[in-house]
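First comes the structure, then the notes that go with it.
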Amino acid sequence: MAKTLSLDIVSDVVCPWCYVGKKRMDKALALFGPERVSAVWRPFQLDPTIPAQGVDRKTYLKNKFGEGERPKQMLQALEAAGRDEDIPFDFDAIARSPNTLKAHRLIRWSLSAGCQDAVVTKLFEAYFEQGKDIGDTAILTAIAREAGMDATLVEELLASESDCDAVADEIDAARKMGISGVPTFIVNNQFAVSGAQEPDALLQLLNKAT
């Protein structure tokens, strides 16, 4: 069956709500018919100012959100959403907040390799469930290998500046479209919704475009 819809998912791999959103979109696609949709993951950086080597996560979160009840409430909401979607978030295991440019380059290459969904899933799992530094070339290369990509080629590309500008241009284009939060789901370049919407809402979005 020919793909009938295009689905662009604008996301950042250090965004926990993007992981929740992926799980919910997977449920919506299972009901709609995944064979009817051509999905592409698009890059976004919540904080492009993070240095290439990353920063200490606890310090970063304290500086960004402060202390007190608000961060605790945000964490509790995420953990509750994670339980609903079978995501075993382990925020205590995350030592560093990475710059995600390298991860987005890997996601870009995985599209042509035919394993983009697998790579995105493995990146989310590595970061949010295992606390791995997904800004690290060795971690990214291992994920590429697990997904069936040419790990040697990926390692060489990550050591270069390959597609840095292309990813930056895509992120800039998303911002110019008015996207300021992720995940954002865009169907047929016409219909869009932001946030980790419930599966029913995402299914309605897909049906609206048919």
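Each reported figure results from applying straightforward, stated rules to the coordinates on display, with no laboratory input. Just so it is clear, the structure is predicted and the values come from calculations on it, not from any experiment. We place every Cβ from the backbone using ideal geometry, glycine too, and count neighbours over all the protein chains shown.
Structure above, values below:
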| read-out | value |
| --- | --- |
| Average projection area in nm² (convex hull over Cα atoms of the stretch 28-113, one quarter of hull surface) | 7.7 |
| The chain - share of DSSP beta bridges that are antiparallel (%, nearest 5) | 60 |
| Segments 121-133, 173-185 sorted - mean Cβ within 10 Å per residue, highest first | 121-133, 173-185 |
| Cα extents of the stretch 96-199 along the three principal axes, largest first (Å) | 39, 30, 28 |
| Cross-link reach list, aspartates and glutamates versus Lys208, counting only Cα pairs under 19 Å and skipping chain neighbours closer than eight places | Asp8, Asp26, Glu35, Glu198, Asp200 |
| The chain - Kirkwood radius from inverse mean 1/r over Cα pairs (Å) | 17.7 |
| Cα centroid of the stretch 152-207 to Cα centroid of the stretch 1-30, whole Å | 10 |
| Highest-first arrangement of 66-79, 30-43, where packing means the average Cβ count within 10 Å | 30-43, 66-79 |
